[in-house]
Amino acid sequence: MSQLILMFRTPDLEYCDNQPSDDPIGTFFRGKQRRFQFQWQFKLKEVPNGEVCFCAELGESIVMGVIQRVLTVTALRFVKEMNPGFSYRLSDSHDLPSYLSFPVSTSMDRFIATKSGQSDLPELRKDIVENRKSMEQRKKGKKN
């Protein structure tokens, strides 16, 4: 079983940041500057020997203008510099598909691995709390 939650801060939250809300997403973003957050919870069939990576490949070529391509490549280079192991290809050819790939552990803001059968899983749509020391080690690419 896996769940992917995409949460986006809507413009109306800018004007009611201090007012109570029944909206759990609005409550989540209250007091935060971020515009979006993805939360992903998944179960692996077995513990992998190496890194767990997220990879996405497009089935169609990407058609962009010169300015769009320059801005996209600049953004992707920045992401690559900030995230060790991130790789990508933008292709306008049907022979070489465009893709992006990155190690999950060093690319996520929070990452929590639970044991098989553990019942106290992090609750999605809420803050995910990770041990600070574990987070620092993970961001440096070190295993616990």
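List of remarks:
- Set R77, R110, R69, R89: member being out of contact with any Lys or Arg (no Cβ under 9 Å at 6 or more places or on another chain) and within 22 Å of I5 (Cβ to Cβ): R110
- Residue, modelled with the lowest pLDDT, within the range 116-141, restricted to residues that are assigned to a loop (DSSP other than H, G, I, E, B) and among the small types (G, A, S): G141
- Every residue from the range 110-136 that is without any contact (Cβ under 8 Å) to a residue 40 or more places away in the chain and under 30 Å from T72 (Cα atoms): R110, F111, M135, E136
- Cross-chain or 6+ apart pairs with Cβ under 8 Å, the range 71-92 first and closer than 26 Å to R138 by Cα, then charged (D, E, K, R) and outside any helix (DSSP H, G or I): G85/E51
The values are calculated or read from the model by the stated rules, or taken from the named source; none is laboratory data. From a predicted model like this one, the values you see are computed outputs, not experimental measurements. Every residue, glycine as well, gets a Cβ built from its backbone with ideal geometry; the counts of neighbours run over all protein chains shown.
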